[in-house]
Amino acid sequence: MTLAGPSRGQLRASGRDGHAASVSAGRRLLPASLVALIAAVGVLVVAATYTAGRLGYASSPWADSAYWFGQALIVAPVAARLLSRRQLGMGEAATIVVVLTVAEYLVKVCYSPTGFTFGDELMHWLSTTDILQTGKLFRPNDLLPISPLYPGLEEVTAALVSISGLSIFAAGLIVVGLAHLVYVLTLFLVFQLISDSHRIAGVAVLFYASNPLFQSFDSMFVYQTLALAFLGLTVLAAKHLASQKRTSDRGGWLTIAVLAAAATVVTHNVTSYFLVAVLEIITLGSLVARSRSSAAWASLLALAASAAFTSWIVFVAPATLSYVQPAVTGALQGFRDVLVGGHSSSPAMSVAVGPLGDQALSGVAVLSISMLLPVGWWQVWRRYRRQPWVMAMAIGSVSWYVVIAIRLFVANGSELAGRAGTFVYIPAGFIAALGVIRLTDNSLRWPVIRADVRRRAPLVVAVAVAGAVLFVFDGLANGWPPYWERLPGPHQVAGAERSVGPLEIALAQWAAEQLGPGNTFATDDGDFAVVGSYGDQNPIANDAYLYTSPAFTPSEVQQAAQQAIRYIAVDRRLSEALPASGSYFPGNDPGQYTRPLPLADLTKFNHVRDVARIYDSGDIVVYYLGQVDYAG
Amino acid sequence: MRGSQVDIAVSAAVAALACGAAAAGAPVAVTMVLGIALFAMPGYLLAQLLLGPRTAGLERALVAAGLAFIVPIAGGLALYTAGVPLRRSSWLAVLGGVSLAGDVALFLRRRAGRAAPFRWPWGKWQLPRWHAAAFGAAIVIAACGVGLARVGAAIQPQPRFTQLWLSTRGTSAGTVKIGVTNDEGHTVGYRLVLLSEGHKEAAWDVTLANAHTWQRTVPFNGKRSLTANLYRLPDLTTPYRYVDTNGDKAPGL
């Protein structure tokens, strides 16, 4: 036996035959149960550091260290079990994948345990609330206008809220938690089916978990989380369609594939594009591997998914085009600039800025995976070149380098590259897993190891485990929440989750009750999502000019009129601290702040005739512009 | 064969009980359990109908979960297209209806021998006691972690504040509403002084318990500006909060 996985006999016993797998897994569950126990302790430790952060230790080095210790308790045993030389059953591998996914999801829950606080989650909370209050779909959402046009997540959550009596928050946690688990397990199953090794499948999922969005966007109350579950299900069904020999079995899987593809389209636009791309890549891989059946089924499903999302855009969600166009045009322009002039029109090297340690971690991880992929390709060529889906993974993993190029050279490339990570890590994780298992196997054959394999092989495994932990830590460090809000804590000026507190929620609830819905509001970054969701107002971007000038000049009055601004929310705390994110305001914030905003710039509206000061909670004041004579 | 239809009987019972509990206005603890069960049922039944007997348990569970999500999506769209509001009764009808239809279809297929009878998924799967204990302990510890995080969020020091506001929403013409909400965490005494063009018009002494609101509608004729100064007793020198029309037009909508 090698580190790569069990022998063919063991595979037969534990892979294809579910019953035999269960029995063998039952005999070997100790490691998985211990892994679960240690991971649970890790969740407890992280929860304790979050509590410490809330009690005033958010910037404490020991709290930060304790957070990473808790994460190590979650990740390291999982990596150790998947990469160790001990026999690993199918049930055990699946259990370990469940432990990793659930533990990281609970860490995310512990970050905001009493309500949604992340901006995107609040946007979908608003769409769900609209469905529950009006009983109708496709109600406008000023915060995220595209969201009501893709109502899958909101429909599912509204249904569960309606029939169970749970709150939107509780029902949302159940829906996205389950959807996230379904997605990760479908990935695991697909990896297992195509590699015929549950160890490779488990390690591939471990690599996938190093995706910076794994613990955030992929498991938040956002439409992508549910759509990913449908994407996974479609791909799993496509795999079965290609390998089923009995027509009667195909009927069921075809129905599941079509339903899941349609549900992807209804739930999230971007995921539906990637679903088509995934199916096309599978078609390509199948053609390269000369598997007509696989190519036919994948291309048929790609065609069906394309027809579904085209129809949806044409008949239901035409606004999608204007929503997607800026990002696509920007990326294409960036590429064109790179090809023509050698660099993007915007500053190149738009990598995320963070502490040096996080950047170094990111660099090492990117470099390591970039080097592992060729090793994985070599493995594909040696062992899997007749297997269409593995070929597809190899082809798809080239996107890893494309994304790196986007990140480095295209304007706003970090954002695009980050969002693509969810999909790029699927083939890249699988091929990297092939690479790392090959390297560890090769290491075991080195004379220096073979001379005392019982004592020295664990060292090889330890190095592999350390590398895997490093990859996952990179994803956590450079994902969400950002380093300046890694631990929850006191209010942060113009921040993210830490800007959502009782003061902001009180403002939002007052606006909803006393002003009615849909008023155009100017706010800073911190209040933006809360006012738009809990307040049901229409917060607008590009409003920095209202806060950064010493006087409310006629030209600013005109600009406010053009934006139809009725209310301005002013948070005096903007004069007390620099913004953690670098910008105070949504949209075209001038940035480059060296000191907090002058208080006089924020309070200037107190003295403007016909600008009413209608709300005062101490730190937050609301002004009404409706009386200003816009004609000048 | 009686045992082979247990799942059908259970799902039919769940659908009936969930609808009954909703109609009877049962407590949330009851509707929560029945609602979640009803939510899962259509996915389970459709998975039983669509998948062959050789499909492994994990795959079957994943497909069931995925289909459980798909049913309300498709059902919601169908209801919306038909002009039926998406209320509790319509969701119950969709999920209960699909469950019962699935029950009938599965029953008929099993009778015709075209679907496998029900078997407990963990049949011969035996988990040694101490492994089960370890998993149980893991669940308890993780739940404690979530509980600790909730406690941490509850005891987190938060700013205490008072809201003072003006609004014309829901008032008759020529009036404006003034409100005070106490979020200081304890009972607070205030004095609210109303000024018109800088001249005192009225004053109120208000004692508010935490999380309580006081509001009063006052005349606002639109000819003179209005200012409301809120003092937090005993300090009557510096306004604690103030609002101001800054002109002679009514604020608000």
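The values are calculated or read from the model by the stated rules, or taken from the named source; none is laboratory data. Given the structure is predicted, the values throughout are model-derived calculations rather than measurements. Cβ sites come from the backbone with ideal geometry, for glycine too, and all protein chains shown count toward neighbours.
Kindly provide the set of residues from region B:223-248 that are assigned to a loop (DSSP other than H, G, I, E, B) and within 11 Å of chain A (Cβ to nearest Cβ), ordered by number. If you could, list the steps in order and put the result at the bottom.
So the first thing to find is which residues in region B:223-248 are assigned to a loop (DSSP other than H, G, I, E, B), and the list is B:223-225, B:233-240, B:245-248.
Correct list: B:SER225, B:PRO239, B:TYR240, B:THR245, B:ASN246, B:GLY247, B:ASP248.
Just checking, how many residues over region A:604-618 are more than 7 Å from chain B (Cβ to nearest Cβ) and either assigned to a strand (DSSP E or B) or closer than 15 Å to A:GLY526 by Cβ (or both)?
0
In region A:517-553, which residue that is without any contact (Cβ under 8 Å) to a residue 24 or more places away in the chain and touching an Asp or Glu at 6+ places or on another chain (Cβ under 8 Å) is nearest to A:ASN141 (Cα to Cα)? Let's see the steps before the verdict.
Filtering region A:517-553 down to residues without any contact (Cβ under 8 Å) to a residue 24 or more places away in the chain leaves A:517, A:545, A:553.
This time we only want the ones that are touching an Asp or Glu at 6+ places or on another chain (Cβ under 8 Å), so: A:517, A:545.
Working: A:PRO517: 11, A:TYR545: 25 Å.
Among them, the one singled out is A:PRO517.
May I ask you to verify whether A:ILE406 is under 19 Å from A:THR283 (Cβ atoms) and assigned to a helix (DSSP H, G or I)? Show your work before the answer.
Working: under 19 Å from A:THR283 (Cβ atoms): no; assigned to a helix (DSSP H, G or I): yes.
So A:ILE406 fails the test.
Pull out all pairs, ordered by first then second residue, where Cβ-Cβ is under 7 Å, the residues are six or more apart or on different chains, the first lies in region A:110-129 and is acidic (Asp, Glu), and the second is at pLDDT 95 or above.
A:ASP120/A:MET220; A:ASP120/A:VAL222; A:GLU121/A:MET220; A:GLU121/A:PHE221; A:GLU121/A:VAL222
Filter region A:300-312 for residues that are under 19 Å from A:VAL278 (Cβ atoms) and at pLDDT 95 or above and give the result. Before the answer, list the steps.
Step one: list which residues in region A:300-312 are under 19 Å from A:VAL278 (Cβ atoms), which gives A:300-310, A:312.
A:LEU300, A:LEU301, A:ALA302, A:LEU303, A:ALA304, A:ALA305, A:SER306, A:ALA307, A:ALA308, A:THR310, A:TRP312, listed by residue number.
Considering only region A:512-530, state which residues are under 21 Å from B:ASP183 (Cα atoms), more than 10 Å from chain B (Cβ to nearest Cβ) and buried (at least 24 other Cβ atoms within 10 Å of the Cβ).
A:GLY526, A:ASP527, A:VAL530
Determine whether region B:193-211 contains at least one residue that is within 12 Å of another protein chain (Cβ to nearest Cβ) and assigned to a strand (DSSP E or B).
no
Please go through (1) assigned to a helix (DSSP H, G or I); (2) touching a residue at least 40 places away in the same chain (Cβ under 8 Å); (3) under 30 Å from A:GLU92 (Cβ atoms) for B:CYS19 and return the number of the only condition it doesn't satisfy.
Result: B:CYS19 passes all but (3).
For region B:34-70, which residues satisfy the criterion of being of a type in the set (A, V, I, L, M, F, W, C), farther than 19 Å from B:VAL10 by Cα and touching a residue at least 24 places away in the same chain (Cβ under 8 Å)? If you could, list the steps in order and put the result at the bottom.
Step one: of region B:34-70, the residues of a type in the set (A, V, I, L, M, F, W, C) are B:34, B:36-41, B:45-47, B:49-51, B:56, B:58, B:61-65, B:67-70.
Narrowing further to those that are farther than 19 Å from B:VAL10 by Cα: B:50-51, B:56, B:58, B:62-63, B:69-70.
Residues satisfying the conditions are B:PHE69, B:ILE70.
Can you pull out every residue in region A:143-156 that is more than 8 Å from chain B (Cβ to nearest Cβ) and either among the aliphatic types (A, V, I, L, M) or buried (at least 20 other Cβ atoms within 10 Å of the Cβ) (or both)? Even if it seems obvious, please write down each step before you answer.
Pass one, region A:143-156, residues more than 8 Å from chain B (Cβ to nearest Cβ): A:143-150, A:153-154.
If the condition is that a residue be more than 8 Å from chain B (Cβ to nearest Cβ) and either among the aliphatic types (A, V, I, L, M) or buried (at least 20 other Cβ atoms within 10 Å of the Cβ) (or both), then A:LEU143, A:LEU144, A:ILE146, A:SER147, A:PRO148, A:LEU149, A:TYR150, A:LEU153, A:GLU154 are the ones that fit.
For the condition within 14 Å of chain B (Cβ to nearest Cβ), in contact (Cβ under 8 Å) with a residue 60 or more places away in the chain and crowded, with 24+ Cβ neighbours inside 10 Å, what is the one hit in A:VAL107, A:VAL75, A:VAL98? Even if it seems obvious, please write down each step before you answer.
Numbers: A:VAL75 fails: within 14 Å of chain B (Cβ to nearest Cβ); A:VAL98 fails: crowded, with 24+ Cβ neighbours inside 10 Å.
Exactly one residue qualifies, and that residue is A:VAL107.
Only one of these conditions is not met by A:PHE116: (1) within 10 Å of another protein chain (Cβ to nearest Cβ); (2) outside any helix (DSSP H, G or I); (3) closer than 30 Å to B:GLY25 by Cβ. Which number is it?
Only one criterion in (1) within 10 Å of another protein chain (Cβ to nearest Cβ); (2) outside any helix (DSSP H, G or I); (3) closer than 30 Å to B:GLY25 by Cβ is unmet by A:PHE116, namely (1).
Given the residues A:SER210, A:SER162, A:SER167, A:SER147, which is the only one that is within 27 Å of A:SER112 (Cβ to Cβ), polar (S, T, N, Q) and within 15 Å of the chain's Cα centre (by Cα)? First the steps, then the outcome.
Values: A:SER162 fails: within 15 Å of the chain's Cα centre (by Cα); A:SER167 fails: within 15 Å of the chain's Cα centre (by Cα); A:SER147 fails: within 15 Å of the chain's Cα centre (by Cα).
The match here is A:SER210.
Yes or no: region B:142-164 includes at least one residue that is touching a strand residue (DSSP E or B) at 6+ places or on another chain (Cβ under 7 Å), surrounded by fewer than 17 Cβ atoms within 10 Å (Cβ to Cβ) and more than 7 Å from every other protein chain (Cβ to nearest Cβ).
Residues of region B:142-164 touching a strand residue (DSSP E or B) at 6+ places or on another chain (Cβ under 7 Å): B:160-164.
From what is left, the residues that are surrounded by fewer than 17 Cβ atoms within 10 Å (Cβ to Cβ) are B:160.
Of the ones still in play, those that are also more than 7 Å from every other protein chain (Cβ to nearest Cβ) are B:160.
Within region B:142-164, one or more residues are touching a strand residue (DSSP E or B) at 6+ places or on another chain (Cβ under 7 Å), surrounded by fewer than 17 Cβ atoms within 10 Å (Cβ to Cβ) and more than 7 Å from every other protein chain (Cβ to nearest Cβ).
Among the residues of region A:427-449, what is the count of those that are of a type in the set (Lys, Arg) and either buried (at least 24 other Cβ atoms within 10 Å of the Cβ) or closer than 24 Å to A:MET393 by Cβ (or both)?
Step one: list which residues in region A:427-449 are of a type in the set (Lys, Arg), which gives A:438, A:445.
Next, from what is left, pick out any that are either buried (at least 24 other Cβ atoms within 10 Å of the Cβ) or closer than 24 Å to A:MET393 by Cβ (or both): A:438.
Counting residues in region A:427-449 that are of a type in the set (Lys, Arg) and either buried (at least 24 other Cβ atoms within 10 Å of the Cβ) or closer than 24 Å to A:MET393 by Cβ (or both) gives 1.
Testing A:GLY135 on (1) of a type in the set (Gly, Ala, Ser); (2) in the same structural domain as A:PHE430 (by TED's automatic domain parsing); (3) at positive phi, one condition comes back false. Which one is that?
(2)
Step by step: first the residues of region B:29-88, then only those that are more than 9 Å from chain A (Cβ to nearest Cβ) and outside any helix (DSSP H, G or I), then the one that is farthest from the chain's Cα centre (by Cα). Which residue is that?
B:PRO53
Which condition does A:TYR545 not pass, out of (1) over 29 Å from the mean Cα position of the chain (by Cα); (2) under 19 Å from A:PHE118 (Cα atoms), if it passes all the others?
Failed condition: (2).
Considering only region A:437-549, give the helices (runs of 4 or more DSSP H) lying wholly within it that have at least 1 residues that are polar (S, T, N, Q) and under 30 Å from A:PHE605 (Cα atoms).
Details: elements: A:447-450, A:453-477, A:502-514, A:525-533.
Here the list reads A:502-514, A:525-533.
Residues are listed down the side, and each one gets a yes or a no for (1) in a helix (DSSP H, G or I); (2) modelled with pLDDT of 95 or more:
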residue: A:ALA21; (1), (2): yes, no
residue: A:ALA25; (1), (2): yes, no
residue: A:VAL45; (1), (2): yes, yes
residue: A:THR49; (1), (2): yes, yes
residue: A:PHE69; (1), (2): yes, yes
residue: A:VAL78; (1), (2): yes, yes
residue: A:ARG81; (1), (2): yes, no
residue: A:GLN87; (1), (2): no, no
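Could you list, in sequence order, the residues of region A:133-151 that are in a loop (DSSP other than H, G, I, E, B) and over 20 Å from A:THR225 (Cα atoms)? Reasoning before the result, please.
From region A:133-151, those in a loop (DSSP other than H, G, I, E, B) are A:135-146, A:150-151; that's our starting set.
The answer is A:GLY135, A:LYS136, A:ARG139, A:PRO140, A:ASP142.
Quick one: in region A:130-142, of everything that is of a type in the set (D, E, K, R) and free of Cβ contacts under 8 Å to residues at least 60 places away in the same chain, which residue is surrounded by the most Cβ atoms within 10 Å (Cβ to Cβ)? Spell out how you get there, then give the answer.
Pass one, region A:130-142, residues of a type in the set (D, E, K, R): A:130, A:136, A:139, A:142.
Keeping just the survivors that are free of Cβ contacts under 8 Å to residues at least 60 places away in the same chain gives A:130, A:136, A:139.
Numbers: A:ASP130: 23, A:LYS136: 14, A:ARG139: 17.
This residue is A:ASP130.
Among the helices (runs of 4 or more DSSP H) confined wholly to region A:193-287, which include 2 or more residues that are in contact with a Gly (Cβ under 8 Å, 6 or more places away or on another chain) and free of Cβ contacts under 8 Å to residues at least 60 places away in the same chain? Quick ask: steps written out before the conclusion?
On the way: elements: A:198-208, A:223-243, A:247-267.
The qualifying helices (runs of 4 or more DSSP H) are A:223-243, A:247-267.
Would you mention how many residues in region A:563-585 are touching a Phe, Trp or Tyr at 6+ places or on another chain (Cβ under 9 Å) and farther than 18 Å from A:HIS491 by Cβ?
Residues flagged as touching a Phe, Trp or Tyr at 6+ places or on another chain (Cβ under 9 Å) and farther than 18 Å from A:HIS491 by Cβ within region A:563-585 amount to 4.
Which residue is farthest from A:ALA511 (Cα to Cα), if the candidates are limited to region B:162-208 and must be hydroxyl-bearing (Ser, Thr, Tyr) and in contact with a Ser or Thr (Cβ under 6 Å, 6 or more places away or on another chain)? Reasoning before the result, please.
So in region B:162-208, the residues hydroxyl-bearing (Ser, Thr, Tyr) come out as B:162, B:167-168, B:171-172, B:175, B:181, B:187, B:190, B:196, B:207.
Checking the rest, the ones that are also in contact with a Ser or Thr (Cβ under 6 Å, 6 or more places away or on another chain) come to B:171, B:175, B:181.
Details: B:THR171: 16, B:THR175: 19, B:THR181: 13 Å.
By that ranking, first place goes to B:THR175.
Per-residue answers, yes or no, for (1) modelled with pLDDT of 95 or more; (2) crowded, with 17+ Cβ neighbours inside 10 Å:
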residue: B:THR181; (1), (2): yes, yes
residue: B:ARG191; (1), (2): yes, yes
residue: B:LEU194; (1), (2): yes, yes
residue: B:GLY198; (1), (2): no, no
residue: B:ALA203; (1), (2): yes, no
residue: B:TRP214; (1), (2): yes, no
residue: B:GLY222; (1), (2): no, no
residue: B:THR245; (1), (2): no, yes
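Can you find, within region B:169-179, the residue that is nearest to the chain's Cα centre (by Cα) among those that are more than 9 Å from chain A (Cβ to nearest Cβ) and at pLDDT below 95? If you could, list the steps in order and put the result at the bottom.
Start the filter on region B:169-179 by keeping residues that are more than 9 Å from chain A (Cβ to nearest Cβ), which leaves B:171-176, B:178.
Subset that is at pLDDT below 95: B:171-176.
Working: B:THR171: 30, B:SER172: 34, B:ALA173: 36, B:GLY174: 38, B:THR175: 36, B:VAL176: 33 Å.
It comes out as B:THR171.
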